[in-house]
Amino acid sequence: MSATATPSTRRLSDKILDAAQLAESQGRSEFAASLKLIQQALLVEELVRDDLRRGSDSAFLGAAPVKH
């Protein structure tokens, strides 16, 4: 889990992973895989949002945004 994820995103991510584990335990591996993809996309979206916010903060302060 990303250290920059908000508490609400972390909770949602944990619940999605719990649901994926339950689905796997019930033999629904395709559904579990879909849930894991959703969880990963949620975290990536949060990281992108953070990166964009940091870039706009840097631009506002007159500093060049850091490229990763």
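A short reminder: the numbers here are calculations on the coordinates, not readings from a lab. Remember, predicted model here, so these are calculated numbers, not experimental data. In this analysis, Cβ positions are derived from the backbone assuming ideal geometry, glycine residues included, and neighbour counts consider all displayed protein chains.
Listed values, structure above:
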item: Around Leu37: net Lys/Arg minus Asp/Glu count, Cβ-Cβ under 13 Å; result: -1
item: Label-point gap, in nm, between Asp18 and Glu30 - each point 7 angstrom along Cα→Cβ; result: 2.7 nm
item: Tail beyond 12 Å, pair distance distribution of region 5-46 (Cα, percent); result: 53 percent
